[in-house]
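The structure appears below as structure tokens.
The values are calculated or read from the model by the stated rules, or taken from the named source; none is laboratory data. Predicted model, so just to flag it, every value in this text is computed and none were measured. Here the Cβ positions follow ideal geometry from the backbone for every residue, glycine too, while neighbour counts run over all protein chains shown. With ligands, DNA and RNA removed, areas are computed over all heavy atoms of the protein, side chains included. Shrake-Rupley method; radii C 1.70, N 1.55, O 1.52, S 1.80 Å.
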Amino acid sequence: MKITVASGKGGTGKTTIAVNLALSVEDAMLIDCDVEGPNSHIFFKEPMVKLKDVSIPTPRFDLDICTYCGKCSDFCQYNAISVVQDKLLFFEELCHGCGGCRIICPVNAISEEEHIIGTIEKGGEEELPLYHGRLNIGEPFGVPIIRELKGLAGERPITIFDSPPGTACPAVETMRDVDFCILVTEPTPFGLHDLKLSVDVIREIGTPFGVIVNRDGIGDDRVESYCERENIPLLARIPNDLEIARLYSEGIPMVKGIPRYEEMFRELFERIRGLVR
Amino acid sequence: MIRELTIISGKGGCGKTTIASSFASLARNHVIVDADVDAADMHILLQPEIRRKEVFHGLNIARKNDDLCINCGKCYENCRYGAFDPDNTLHPEKCEGCAVCELVCPVNAIRMVERTAGEAYISDTRFGPLVHARLHAGEEATGKLVALVRERAREVAEEKGKDLIIIDGPPGTGCTVIASLTGVHLVLVIIEPTLSGIHDAERVLDVADHFHIPAVACINKFDINLENTRKIEDFCRERGVEIVGRIPYDETATRAMMSERTVVEFSDGALSGKLREIWEKVEERLKGIGG
């Protein structure tokens, strides 16, 4: 079973829930897909070890052959190539590695070379393997790393994915092709607004989902009324507990610091299992 | 000269919008930009009146005419984003708009068509013009939309004689963050004293360095973990990043958000005083940056 933990707003507790849920169930693995800011590893003692580089094929131009016809530049949808008279400029960071320029070049002046955009690392612990990706600094597009990370699922019967925040392509990539999606929010106007955006996205994708309200008590009950109106299952409420915040700041999973929460995460998992069936 | 300031944090939920909106209510001659286009929240506090709306197209998307398709498999073979199944069925939601399928299709069964990916708005608020956007569910080209709102903000600033653009940035380090900070005059990084807050702030400071943007930092909720606050102070010193303020944990921030107002408007208390102090330092620093 594959479960993604996501949220529109950042900092609502995705990582907290993903890590603690994964720690509370047996036979699970954890995959942190927030390649722009992976944080799950902070809750494990073992250092992350590099598994592989992730690269995309980008063009190399043989300027001895190039006739500066500009077809590659006209074709590129990402504005990564510019040809002006007898000058060709390539902006590698804009390239999505589609390979179109190589196909369209009439004189075969373009070949391809792998361009490394990030890495995949492994860590966690004996009972809970953790994988995460890191997008290199200055690289704009993390989706190819997320795609590779998602392919690592299956080593254990249960896979928990920690999603990047937002509703754009990296989040969508993480929310699709899973059995269930947990949307984490907080009971504030920002939390509610961004939850609605996430609900729009997840309904379009079609993944079954439910909501967890984190820091319950800091705001009001508008999130709950919204879920009720929209027929969205409210999976759990996590109280606004300074002890949880303290443990988080130190990188200690809440189920290890406050063992009674383990029961809550097990119940959460059973609830989700029931909903998936 | 128009100066641009971007507020970022790497990790989400560190207080970017709370701080940016307070700056918006303290600055005098400015345009506000919400660059967190896929989870924009600034408008909740500023209640904008939309004056101009424009459609954002983003990248084109593949459309296939199955009546013309001869099942040659070229689209499937050449698409690098998995948008085609081996039986040549197209999954538009996986299309990244590269147009390779259209290029290789021998019978013109595939065409790239324009799509509406979102909307950009120029609005009036009680604190001056706000340029913001809404990305449609699950769309791509988010960085392009950020570039668009920044361009509109510069136009508004020129038109109305504003000398400052305050940009509330998105989380992360990818395309939207890069589009939010390339070419700005100063980046303010909000750091929360948690291990993840520190980890992500260091990454975002690396991004600022990569694009040669000067950065200053502010520690938010500094008193929730004093040891981590010291760590932040240490690495900022090592990197030569000035800390323009330390904000204590204060529930006024949440109460102001619940009442849908900025902190500075909502209360005259200690938190507002602190934010005012930080704003003055940032303003001073911005004034010192030449053209």
Which listed residue (B:THR173, B:LEU145, B:ALA201) has the Cα farthest towards the positive end of the charge dipole for the protein assembly as shown, taking +1 on Lys and Arg C-beta and -1 on Asp and Glu C-beta about the Cα centre? B:LEU145
Log10 I(q)/I(0) at q = 0.06, 0.09, 0.12 Å⁻¹ for the protein assembly as shown, from Debye over equal alpha-carbon scatterers, is -0.30, -0.68, -1.22
Can you tell me the Rg and the Dmax, both Å, for the Cα atoms in segment A:58-116? 10.2, 30
With a cut-off of 13 Å, note down the residues of segment A:177-191 whose backbone N falls inside the zone around a label point 7 Å from the Cα of A:ARG203 toward its beta carbon. none
Output the Cα-based Rg and Dmax of chain B in Å, rounding Rg to one decimal and Dmax to a whole number. 22.0, 71
What value, in deg cm²/dmol to 500, does the helix sum -39500 (n - 2.57) over DSSP H runs of n ≥ 4 give at 222 nm once divided by the residues of chain B? -11000 deg cm²/dmol
Any chance you could check segment B:152-180 for residues losing 10 Å² or more of accessible area when the partner protein chains are in, compared with the chain on its own (1.4 Å probe)? B:PRO171, B:GLY172, B:THR173, B:GLY174, B:CYS175, B:ILE178
Quarter of the surface of the C-alpha convex hull for segment A:120-179, i.e. direction-averaged projected area in nm², equals 4.6 nm²
Under a no-solvent Debye model with one identical scatterer per Cα of chain A, what's log10 I(q)/I(0) at q = 0.10 Å⁻¹? -0.58
Of the accessible area of segment A:141-209, with the probe set at 1.4 angstrom, what percent is carbon plus sulfur? 51 percent
May I ask for the equivalent-ellipsoid semi-axes of segment B:249-291, computed as the square root of five times each C-alpha gyration tensor eigenvalue and listed largest first in whole Å? 26, 10, 7
The answer for the protein assembly as shown, accessible area per residue at 1.4 Å probe in Å², is 40 Å²
Karplus-derived HN-Hα couplings along segment A:173-188 (A = 6.51, B = -1.76, C = 1.60, θ = phi - 60°), whole Hz, x at Gly and Pro: 4, 6, 7, 8, 6, 10, 7, 7, 10, 9, 9, 9, 9, 10, x, 10
Checking the a/c ratio against 1.5 first, then a/b against b/c, what shape does the Cα gyration tensor give for segment B:61-114? rounded
Using a Förster distance of 30 Å, how high is the FRET efficiency between A:GLU270 and A:LYS52, based on the Cβ-Cβ distance and rounded to 0.05? 0.25
Sort out for me the Cα centre separation of segment A:7-80 from segment A:130-177, rounded to whole Å. 6 Å
So, with a 1.4 angstrom probe, what is the percent of accessible area on segment B:1-78 that is carbon and sulfur? 42 percent
Translational D (Stokes-Einstein, µm²/s) of segment B:141-227 at 37 °C and 0.692 mPa s when Rh comes from the Kirkwood sum over C-alpha pairs? 232 µm²/s
Dipole size in debye (nearest 20) for the protein assembly as shown around its Cα centre, Lys and Arg Cβ +1, Asp and Glu Cβ -1? 720 debye
Shielded by partner chains, segment B:1-29 residues - at least 10 Å² of accessible area, 1.4 Å probe, vs chain alone: B:LYS11, B:GLY12, B:GLY13, B:THR17
Test of understanding: what is the full-extension gain from A:ILE116 to A:ASP221, defined as 0.36 nm times their sequence separation minus their Cα-Cα distance? 33.2 nm
Once neighbouring chains are kept in place and the probe is 1.4 Å, which whole percent of the accessible area of segment A:22-80 is contributed by carbon and sulfur? 46 percent
Top positive-direction residue, dipole computed over the protein assembly as shown with Cβ charges, set A:GLY99, A:GLY210, B:PHE127: B:PHE127
Nearest 0.05, what FRET efficiency do B:ASP234 and B:ILE289 give at R0 = 30 Å with Cβ-Cβ as r? 0.70
Report the gain in length on full extension from B:LEU226 to B:GLU251: 0.36 nm times residue separation, minus Cα-Cα distance, nm rounded to one decimal. 7.2 nm
Binned at 10 Å starting from 0, the alpha-carbon pair-distance distribution of segment A:99-225 in whole percents comes out as 10, 30, 30, 20, 7, 3, 0
Principal axis box of segment B:30-131, alpha-carbon based, largest edge first, Å: 59, 20, 18
Dimensionless Rg over Rh [segment A:180-242; C-alpha; Kirkwood]: 0.95
Sum of -39500 (n - 2.57) over DSSP H runs of 4+, divided by residues of chain A (222 nm, nearest 500): -9500 deg cm²/dmol
Log entry, pair B-A: total buried accessible area, probe 1.4 Å, protein chains only, in Å² rounded to 100, is 4800 Å²
Go through B:THR17, B:VAL189, B:GLY269 and say which Cα lies farthest out towards the positive end of the charge dipole of chain B; charges sit on Cβ, +1 for Lys and Arg, -1 for Asp and Glu. B:GLY269
Gain in span if fully extended, B:GLN47 to B:GLU158, counting 0.36 nm per residue against the direct Cα distance: 37.6 nm
